[in-house]
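Accompanying notes for the structure given below.
The values are calculated or read from the model by the stated rules, or taken from the named source; none is laboratory data. What you see is a predicted model; the values in this text were computed from it and never measured. All Cβ positions, even for glycine, are placed from backbone atoms using ideal geometry, and neighbour counts span all protein chains on display. With ligands, DNA and RNA removed, areas are computed over all heavy atoms of the protein, side chains included. Shrake-Rupley method; radii C 1.70, N 1.55, O 1.52, S 1.80 Å.
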Amino acid sequence: MIKGTTKLLGVIGSPIEHSLSPVMHNAAIAELGVDYVYLAMPVKPADLEVALAGFAAINLRGFSVTIPHKQAIMPFLSEISPIAQAVGAVNTVWHTGTSWAGTNTDVEGFVAPLKAYNRDWSQTVAVILGAGGAARAVVAGCAELGIQEIHVIGRNRQKLDAFQQSWVNSAVPVPAIHTWEKVPQLISQANLLVNTTPVGMHPQVDQMPVSAAEMKNLNAGAIAYDLIYTPNPTQFLKVAAEMGATAIDGLEMLVQQGATALQMWLQQPVPVDVMRQSLTQHLGLKVKN
Ligand code: NAP
């Protein structure tokens, strides 16, 4: 029940109306019986600084950050975790008592379903399709797993060069960069193939980031991971599974990045299954065994 004492959490973005975060966070809050509520808060880019001052004034405890604020918020934070610095983006903010601090839980979210395989990743060849914001969390996640050989495929040479350059002074192995002509060759080498492009996302459900013919090069033992969570599975994951690969969809990443954030704000363990179930129900997905 929302009362006079109820503490505020939320997510900022623009647009924000379609965010799934309120569904999963409020489901966990209800299950825990803690006196919090999590709201979607539309904040336009020009209003970011004034919104932060307002949040501090009303004692908002913490918030998630989505497009277009993940990078723009960084200059307003007094502390930024090393992982968020490496990724170059913040998706979770909390109040320290005097100012705002930020981290990035997308990396934890990305690696969580992979860590469940409990294997040595050092000889893995990772091939990442796309070189945008999510690809940065994926590169950092691959490095966290111990993957040494990371290839990133993009369509714009200049953006790729900047992407590669941004890792040079970090603890992360500098990824190799390629344009899309290299896809067939790289897919045949991949043990972990990750789609970080929006290609295949609802409503373009028949599209794939690579062609079905190119996917024929995928090894049966490979893992195909799509960051997209609607549809579930994507066409990319359907074809990968037909090739004998293990398919991982983006829902678990979404759940796990949210669970890591909520745990930080509440300083207590959170019911990850309740968060997952709230999303599968909300999206009308079949529950996996
Ligand atoms: P972004 O920063 O806009 O990056 C998208 C990347 O995909 C860019 O490299 C872009 O290339 C490339 N791309 C876009 N359309 C393409 C096309 N038709 N062909 C080839 N490449 C194309 O977006 P993002 O924030 O990284 O998000 C990407 C996807 O990941 C979205 O579907 C998002 O929903 C998903 N995501 C999921 C989670 C999760 O928790 N599961 C978390 C974050 C993101 P250019 O730079 O050349 O435009």
Could you look at the range 152-289 and say what percent of its accessible area is carbon and sulfur, using a 1.4 Å probe and all protein chains? 50
In nm, spacing of pseudo-spin labels at ALA241 and ILE67 (7 Å Cα→C-beta vector): 2.6
If you plug each phi of the range 26-35 into the Karplus form 6.51 cos²θ - 1.76 cosθ + 1.60 with θ = phi - 60°, what whole-Hz ³J(HN,Hα) values come out, in order, with x for Gly and Pro? 5, 5, 5, 4, 5, 4, 6, x, 8, 8
Here the chain gives, from Cα atoms, an Rg and Dmax in Å of 19.2, 60
Which whole-Hz ³J(HN,Hα) couplings does the range 54-61 yield from phi under the Karplus relation 6.51 cos²θ - 1.76 cosθ + 1.60, θ = phi - 60°, glycine and proline marked x? x, 4, 5, 5, 9, 6, 5, 7
Got a sec to turn the phi values of the range 146-161 into Karplus ³J(HN,Hα) couplings, 6.51 cos²θ - 1.76 cosθ + 1.60 with θ = phi - 60°, whole Hz, x for Gly and Pro? x, 5, 9, 10, 10, 10, 10, 10, x, 10, 10, 4, 5, 5, 5, 4
Checking rank on 64-75, 19-30, with mean other Cβ inside 10 Å and highest first, the result is 19-30, 64-75
With MET24 itself left out, Lys, Arg at +1 and Asp, Glu at -1 over residues whose Cβ is under 14 Å from its Cβ give -2
Among rounded, prolate and oblate, which fits the range 12-75 when a ≥ b ≥ c are the square roots of the eigenvalues of its C-alpha gyration tensor, a/c under 1.5 means rounded, and a/b larger than b/c means prolate? oblate
Considering only protein heavy atoms, what per residue accessible area in square angstrom results for the chain with a 1.4 angstrom probe? 47
Of VAL107, VAL125, ASN26, farthest towards positive along the dipole that unit charges on Lys, Arg, Asp, Glu beta carbons give the chain: ASN26
Which of the aspartates and glutamates could a cross-linker bridge to LYS115, judged by Cα under 13 Å and excluding same-chain residues fewer than eight apart? GLU144, GLU252
What is the angle, in °, between the Cα long axis of helix 106-115 and the longest principal axis of the Cα atoms in the chain? Nearest 10 is fine, range 0 to 90. 50
Compute, for the chain, the length of the dipole vector about the Cα centre, with Cβ point charges of +1 (Lys, Arg) and -1 (Asp, Glu) only. Units Debye, rounded to 20. 120
Give, in whole angstrom and from largest to smallest, the semi-axes √(5λ) of the equivalent ellipsoid of the range 108-249, with λ running over the eigenvalues of the Cα gyration tensor. 21, 17, 14
Could you tell me how many degrees, from 0 to 90 and to the nearest 10, lie between the Cα long axis of helix 133-145 and the main elongation axis, the longest principal axis, of the Cα atoms of the chain? 80
Please list, ordered by chain and number, the residues whose modelled amide H lies under 5 Å from the amide H of TYR225; skip anything fewer than 5 residues away on the same chain. LEU193, VAL194, ASN195, ILE248
With the 8 Å Cα cutoff and a minimum separation of six or more residues, the range 108-249 has a relative contact order in percent of 21
So what's the net charge close to VAL272: Lys and Arg +1, Asp and Glu -1, counting the other residues with Cβ under 13 Å from its Cβ? -3
For the cross-link pairs LYS159/LYS182; LYS70/LYS159; LYS3/LYS44; LYS44/LYS70, which exceed 20 Å when the distance is taken from alpha carbon to alpha carbon? LYS3/LYS44
Percentage relative contact order, the chain, counting C-alpha pairs under 8 Å, at least six apart: 17
Only four residue types carry charge here, +1 at the Cβ of Lys and Arg and -1 at the Cβ of Asp and Glu. Report the dipole size of the range 108-249 about the Cα centre in Debye, rounded to the nearest 20. 180
Relative contact order (%) - the range 136-216, alpha-carbon pairs under 8 angstrom, separation at least six: 24
